[in-house]
Amino acid sequence: MSLIAARHYSACMHGPVGRLVDRNPSVCPQRLIAQLKPPPTFADVSFGTYQPDPGEPTQATAVEACVEFCQQAVHRRAGRRTLLGKRVTLPGVGLYLDGGFGVGKTHLLASIYHHLTDMVARRAAYATFMELTHLAGVFGFAECVELLADYTVVCIDEFELDDPGNTTLISRLLSQLVQRGVSVAATSNTLPEQLGEGRFAAQDFLREIHTLAAIFTVARIEGPDYRHRDLPPAPAPLSDEQVSARAARIDGATLDDFDALCAHLATMHPTRYLSLIEDVAAVFLTGVHGIDDQNVALRLVALTDRLYDAGIPVLASGIRLDGIFSQEMLAGGFRKKYLRATSRLLALSAAARVETGEP
């Protein structure tokens, strides 16, 4: 069943379409803890459902590295007994999945989580880099260490190297966790034009977390972005009227003016974005245009990540979705964030057009 069909798609007219700007969710600490798991789109993945490309042998090798990592992590968490019978904690190990956009890194990271949690409860915690920094901000550094110290593995998706402050914070956090027997699996992105340069992203990653670099094994994953296989370039956007009409045909859809939504995102902490889109079937936007404010752009990136994780289609009017972030912004320090968000928006837009009958 398709995404929108699963959310009660109907060709009939329904009641007034809701707006995200009318939602003001709150998030308690308990919910933040409960969210330490893979997003819905990766709820059922496993090593067995990952399909390595026969033409990219690094993909099959990466699966083997993930399985080996899980075995080592369990062993480290169990510790060893001394001659006096006491159990001594062994430092955790690390695995870094290095590769470009859409090569299956998140699939494998989520598979690590499921593989471990299927064995014993509370074996793994899963968060994006941004979510982990938000968690530390909400709970405080020391309490965040205690919160995560009993896990066997902490999985961090989209480890970001473009914010020195956050990178230092997370490196300190992971250092303390590793010493307490917690292993760490992480992903990050190599830019498409750097794929032929060897382990460029891996070198950046290991340099930035120099206090932890020695524990990490690097698994390189090559291949094209699966989200864009056989997809044409970003299509011309629809008109405001077309977007509004399609939103009215979907139960649970929201319809917002782009500027109004961007302003609304500024009123809440990004930890609330997941609650903001809860039970939303599809997101429709009018008046999309280019962004030149870094803060606005980064909030949109955070929302896009939550929409993609939840598999919520997006349809918009205004400019093409691959033109939201200017070339100047794409050349800056947050380049990887913006390219990832663009890739995800295009994938969500393609899904929306298929579901609503667009060519």
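Observations on the structure shown:
- Complete set of residues in the range 263-283 that are open to solvent by less than 20 Å² (accessible area, probe 1.4 Å) and either in contact with a Lys or Arg (Cβ under 7 Å, 6 or more places away or on another chain) or charged (D, E, K, R) (or both): L265, Y273, L276, I277, A281
- Extreme residue, surrounded by the most Cβ atoms within 10 Å (Cβ to Cβ), among residues of the range 311-333 that are of a type in the set (A, V, I, L, M, F, W, C) and within 12 Å of A352 (Cα to Cα): L315
- Any helices (runs of 4 or more DSSP H) falling wholly within the range 70-153 and containing at least 3 residues that are modelled with pLDDT of 85 or more, closer than 30 Å to P52 by Cα and open to solvent by less than 30 Å² (accessible area, probe 1.4 Å): 105-117
- The residues listed here are P52, P29; of these, the one that is farther than 23 Å from A125 by Cβ and open to solvent by 30 Å² or more (accessible area, probe 1.4 Å) is P52.
- Residue within the range 242-262 that is modelled with pLDDT under 80 and surrounded by 15 or more Cβ atoms within 10 Å (Cβ to Cβ) present: no
- When Y308 is tested against the conditions (1) open to solvent by 50 Å² or more (accessible area, probe 1.4 Å); (2) under 20 Å from the mean Cα position of the chain (by Cα); (3) at negative phi, the lone failure is (1).
- A341 vs. criteria in contact with a helix residue (DSSP H, G or I) (Cβ under 7 Å, 6 or more places away or on another chain) and open to solvent by less than 10 Å² (accessible area, probe 1.4 Å): yes
- Taking the range 257-346 as the region of interest, the helices (runs of 4 or more DSSP H) fully inside it that hold 1 or more residues being charged (D, E, K, R) are 258-265, 294-310, 327-330.
- Residue list for the range 304-337, restricted to those being over 15 Å from A351 (Cα atoms) and among the small types (G, A, S): S317, G318, G323, S326, A331, G332, G333
- For V182, the criteria (1) within 26 Å of G332 (Cα to Cα); (2) at pLDDT 85 or above; (3) buried (at least 18 other Cβ atoms within 10 Å of the Cβ) hold in every case but one, which is (1).
The values are calculated or read from the model by the stated rules, or taken from the named source; none is laboratory data. The model shown is predicted, which means the values in this text are computed figures rather than measured ones. Cβ sites come from the backbone with ideal geometry, for glycine too, and all protein chains shown count toward neighbours. Keep in mind that these areas ignore ligands, DNA and RNA; they rest on the heavy atoms of the full protein, side chains included. Shrake-Rupley method; radii C 1.70, N 1.55, O 1.52, S 1.80 Å.
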